[in-house]
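Data first, discussion second: the structure below is written as structure tokens.
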Amino acid sequence: MQSIVLAGGFGTRLQGVLKDLPKPMAPVGGKPFLSYILDYLIQYGYTNVVLSTGYLHQKIENHYGNSYKSLAISYAVETEPLGTGGGIANALQYCHSDNVLVLNGDTMFRIDLAAFETFHRRHGGLFSMALRQMPDVSRYGSVQTDDNDRITLFAEKNATSGQGFINGGIYLINKQLLQKYPQPQKFSFEKELMEKIYQTEPIFGYKSDAYFIDIGIPDDYARAQREMV
């Protein structure tokens, strides 16, 4: 199975800290946040990754080149912002496995990837999403499932509050998904695909309480400096 990391983030809310770096290259404990994600993939036996890049992509390419430790790296570069869906679709062209793991380059969610793969294959769907339980879902929006782990509802940010499950930013995608539901070149994977097809297409949520951090806001970026080093 191959993997994609969405590493094209601009990091608008972190620009005062990043100083002309793409968000996945934000330094944490003296090395890029992206390196922690690549180490995580290596831990679970992944041997190659496609980095979906855009903003200041040269900074990533110059740092990593074509490999990182035992991981072979290739690049799917966006010449203009394509949204999360467009970035995934662009990177999938470089993948030959039927099922592809997709991670966000600004989020660490340390689920058991082997168990997630087993979950995805057991359910036999075209898409599975890792879900993280949070004490307050209002910042993220929430995801609900039935007793068979099928996703039954996506709720918008601030539409609900209190404890619940959020999209943890790790997906397993069967490449037939975008063949069955073709999209324009630019699209949001979450809003324009997932939240439109879940009522008719069985897609599944894998629940985990593993360590989770999203460095997209300064407070959580500062927390990463304390927790991940």
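Relative contact order (percent) for the chain, with alpha-carbon contacts under 8 angstrom and 6 or more residues of separation? Walk me through the intermediate numbers first.
On the way: 446 pairs, mean separation 56.0, N = 229.
RCO, the chain: 24 percent.
At a probe size of 1.4 Å, how large is the accessible area of His63, to the nearest 10 Å²?
100
Would you mind counting up the charge near Thr152? Only other residues with Cβ under 13 Å from its Cβ, with Lys and Arg at +1 and Asp and Glu at -1.
Values: positive: Arg150; negative: Asp146, Asp147, Asp149, Glu195, Glu201.
Residues close to Thr152 contribute a combined charge of -4.
Could you give the radius of gyration (one decimal) and Dmax (whole number) of the Cα atoms in the chain, in Å?
Rg and Dmax of the chain, Cα atoms, are 16.7, 47 Å.
Below 21 Å, Cα to Cα, which lysines can Lys180 reach? Residues fewer than 8 away in the same chain don't count.
Once the sequence-local lysines are set aside, what remains near Lys180 is Lys191, Lys196.
Considering only protein heavy atoms and a 1.4 Å probe, what is the carbon-and-sulfur percentage of the accessible area of the chain? Before the final figure, lay out each step's value.
Numbers: 4880 of 10370 Å².
Carbon and sulfur together cover 47 percent of it.
Tell me which residues come under 5 Å, amide H to amide H, from Ile170 once H is placed; ignore anything under 5 positions away on its chain.
Excluding prolines and chain starts, which carry no amide H, the hits are Ala130.
How large is the charge dipole for region 143-212, taken about the Cα centre, if only the Cβ atoms of Lys, Arg (+1) and Asp, Glu (-1) carry charge, to the nearest 20 debye?
That gives region 143-212 a dipole magnitude of about 300 debye.
In nm, to one decimal, how far is the modelled label at Ile217 from the one at Lys69, with both set 7 Å along Cα→Cβ?
3.1
So with the 1.4 Å probe, I'd like the accessible area per residue for the chain, rounded to whole Å².
Working: 10370 Å² over 229 residues.
Solvent-accessible surface per residue comes out at 45 Å².
Quick one: order Leu113, Leu21 from most to least accessible surface, probe 1.4 Å. All intermediate terms of the calculation are to be shown ahead of the outcome.
Working: Leu113 0, Leu21 45 Å².
Accessible-area ranking of Leu113, Leu21, largest first: Leu21, Leu113.
Can you check what the net charge comes to around Leu56, using other residues whose Cβ is under 15 Å from the Cβ of Leu56 (Lys, Arg +1; Asp, Glu -1)? Don't jump to the answer; show the numbers that get you there.
On the way: positive: Lys19, Lys23, Lys59; negative: Asp20, Glu61, Glu78, Glu80, Asp106.
Value of the local net charge: -2.
Above 15 angstrom, tally the Cα pairs of region 137-229 and express them as a % of all pairs, no decimals.
Numbers: 2924 of 4278 pairs.
Looking at region 137-229, the distances longer than 15 Å represent 68 percent of pairs.
Students often forget the sequence filter, so: which aspartates and glutamates lie under 18 Å Cα-Cα from Lys31 once same-chain residues fewer than 8 apart are removed?
Of all the aspartates and glutamates, those that pass the test against Lys31 - Cα under 18 Å, at least 8 places apart if same chain - are Asp20, Asp39, Glu61, Asp106, Asp214, Asp220, Glu227.
What are the ³J(HN,Hα) couplings of region 37-52, residue after residue, when phi is run through the Karplus curve with 6.51, -1.76, 1.60 and θ = phi - 60°? Round to Hz, x for glycine and proline.
For region 37-52, the Karplus curve yields 5, 5, 4, 4, 5, 4, 4, 9, x, 5, 10, 8, 9, 9, 8, 8 Hz.
Test of understanding: what is the full-extension gain from Ala210 to Arg226, defined as 0.36 nm times their sequence separation minus their Cα-Cα distance? Kindly include the intermediate steps, with their values, before the conclusion.
Details: separation 16, 0.36 × 16 = 5.76 nm, distance 1.73 nm.
Full extension of this stretch gives 4.0 nm more.
The values are calculated or read from the model by the stated rules, or taken from the named source; none is laboratory data. Everything numeric here is computed off the predicted structure, so don't read it as measured data. In this analysis, Cβ positions are derived from the backbone assuming ideal geometry, glycine residues included, and neighbour counts consider all displayed protein chains. What goes into the accessible areas is simple: the full protein's heavy atoms, side chains included, and nothing from ligands, DNA or RNA. Shrake-Rupley method; radii C 1.70, N 1.55, O 1.52, S 1.80 Å.
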